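Below is one structure; the comments refer to it alone.
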Amino acid sequence: GQSLEQPSEVTAVEGAIVQINCTYQTSGFYGLSWYQQHDGGAPTFLSYNALDGLEETGRFSSFLSRSDSYGYLLLQELQMKDSASYFCAVRDTTGGFKTIFGAGTRLFVKA
Amino acid sequence: SQTIHQWPATLVQPVGSPLSLECTVEGTSNPNLYWYRQAAGRGLQLLFYSVGIGQISSEVPQNLSASRPQDRQFILSSKKLLLSDSGFYLCAWKGQGSSYEQYFGPGTRLTVT
């Protein structure tokens with residue numbers, strides 16, 4: 001089967017940098033995605049890594065190491081509005097129709 | 001541009017009552033469609049997915065069912081709700097093929113009393 005592990009909670013201060021890790025177990029691999037979800041809202045797509053390395057999108061970056069089955073989301077210059085849950089996700093390997101989500105990391109940004 | 005609609009936004013239903021949640025997608029054709037449930041403070045549990053009209057795959061055995069009567073319409077139903085059916089229900093779509101990004105609807109918050 002496929003599974004993903006990420007920390008349940010992370011706390012950081014405004015203006016700081018925070019890294020949210022994700023390790024995955026899968027028999028095949030199509031890439032690692034990250035989603036953000038604010039309280040009461042729907043998840044929104046942040047980034048996708050299919051190849052090893054760092055992908056940067058503004059204040060957010062995502063990293064992947066396929067050999068380590070590991071990735072992380074890096075948030076820089078944290079703002080209060082970044083307080084949310086962050087999910088890593090992989091596409092399943094039995095046709096690619098499904099996306100398997102991690103349990104999510106709750107990020108608390110303090111002033 | 002593509003949009004996804006879900007309704008109702010909130011719903012309070014008594015135990016044993018029926019349920020029908022509807023999701024429609026605009027601006028795309030032949031999407032993969034998904035129903036997820038999320039308990040408070042928890043992750044996303046995939047309930048059903050569909051790769052085409054009339055094609056439904058169930059991920060979790062339960063008292064819920066899904067149907068796809070039209071290409072861009074996905075319905076989640078139950079004949080008799082249980083207390084454990086309470087949660088945040090999210091519909092999502094994804095393009096066919098190698099597409100990886102899922103787009104979520106605004107969700108329905110269901111409380112079974």
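Below, the figures for the structure above:
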| quantity | calculated |
| --- | --- |
| Residue mean of other protein chain beta carbons inside 10 Å, A:100-107 | 3 |
| Residues of type lysines that A:LYS98 reaches as a straight line, Cα spacing below 16 Å, ignoring anything fewer than 8 places off in the same chain | B:LYS94 |
| Whole-Hz ³J(HN,Hα) from phi, Karplus 6.51 cos²θ - 1.76 cosθ + 1.60, for segment A:68-84, glycine and proline x | 9, 6, 8, x, 8, 10, 10, 10, 9, 6, 3, 10, 4, 5, 7, 4, 5 |
| Estimated distance in nm for a label pair at A:MET80 and B:GLN55, the labels positioned 7 Å out from Cα along Cα-to-Cβ | 4.8 nm |
| Kirkwood Rh in Å, taken over all unlike Cα pairs in chain A | 14.0 Å |
| The protein assembly as shown - Rg and Dmax from Cα coordinates, angstrom | 17.7, 51 |
| From phi via Karplus (6.51, -1.76, 1.60), per-residue ³J(HN,Hα) for segment A:51-56 in Hz, x at Gly/Pro | 10, 4, x, 10, 10, 10 |
| Rg/Rg_globular for segment B:1-68, with Rg_globular taken as 2.2 N^0.38 Å and Rg from C-alpha atoms | 1.21 |
| At R0 = 22 Å, FRET efficiency that the Cβ-Cβ distance of B:TRP7 and A:SER3 yields, to 0.05 | 0.10 |
| Residues with amide H under 5 Å from that of A:PHE108, placed H, sequence gap 5 or more | A:VAL10, A:THR11, A:ALA12 |
| Ranking of B:TRP7, B:TRP35 by count of other Cβ atoms within 10 Å, fewest first | B:TRP7, B:TRP35 |
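Readers should treat all values here as calculations from the given coordinates under stated rules, not as data from a laboratory. What you are looking at is a predicted structure, and each value in this text was computed from that prediction instead of being measured. In this analysis, Cβ positions are derived from the backbone assuming ideal geometry, glycine residues included, and neighbour counts consider all displayed protein chains.
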